[in-house]
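One structure below.
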Amino acid sequence: MTNEINGAITGSAENSNQKLVWIIVIIGALPVIVFTVTIVLFGGQSSISDSLIDAYKVYSAIVLSFLGGIHWGIVLGAENERPASKPLIMSLLAPLIGWSAVFIAEPLCFALLIVGFAGQGAWDNFSAHNGNLPLWFSKIRLTLTLVVILLLAITMYVTA
């Protein structure tokens, strides 16, 4: 049985959504963990590390693009005749930061990615607390943001 409150589904459907989102988040975080551990093991200064760093930067850019799309979904899912342009425009920042980092040398690229993930994570959390996203999503995004920032910071340190 589910109830609808402020556009959010509650009850067993919400629990099912939370579990599914957690599973997807963990699967999505695995490449970041593998990239970081492998770069640390190779010291960040080998030919293998160069390829891994490039893959890590591209994967991070893709994830930031995906996260920026959350706010497109919010705006386009709302039943307004005229979509809010500010969130649509602001949601472009995450992918632009991510793709800019692809073309910047390390360790600066990882600092830029940290800024991108921190900014997107903060926006998602504010959106959840303002009622635009489910509150349970805030916990997931906060956890994911902190883990990714920590892993990026480790990689930034190793590649410095």
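Only the coordinates and a few stated rules stand behind these numbers; no lab work does. Everything numeric in this text was worked out from a predicted model, so none of it was measured. FYI the Cβ positions are ideal-geometry reconstructions off the backbone, even for glycines, and counts take in every protein chain you see.
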Exercise for review: Would you indicate which of [x] 58, 38, 25; [y] 54, 33, 19; [z] 56, 34, 28 is the value of Cα extents along the principal axes in Å derived from the coordinates of this structure?
Suggested key: [y]
Practice item. Multiply the residue separation of Thr143 and Ser46 by 0.36 nm, subtract the distance between their alpha-carbon atoms, and state the gained length in nm to one decimal. Key: 31.8 nm
Check your understanding: For Lys139, which lysines qualify as cross-link partners when the Cα separation must be under 23 Å and same-chain residues fewer than eight apart are set aside?
Key -> Lys19
Revision key, fill the gap. Per-residue Cβ contact counts at 10 Å, fewest first, order Leu88, Leu112 as Leu88, Leu112
Study note, to complete from the structure: Residue by residue through segment 113-118, the couplings from Karplus 6.51 cos²θ - 1.76 cosθ + 1.60 with θ = phi - 60°, in Hz, x for Gly and Pro, are 5, 4, 4, x, 5, 5
Practice item. Output ³J(HN,Hα) for segment 27-34: one whole-Hz value per residue in order, computed from phi by the Karplus curve 6.51 cos²θ - 1.76 cosθ + 1.60 with θ = phi - 60°, and x for Gly and Pro. Key: 4, x, 7, 4, x, 5, 5, 4
Review point. Reachable aspartates and glutamates from Lys57, Cα under 12 Å, same-chain residues fewer than 8 places away excluded?
Key: Glu106
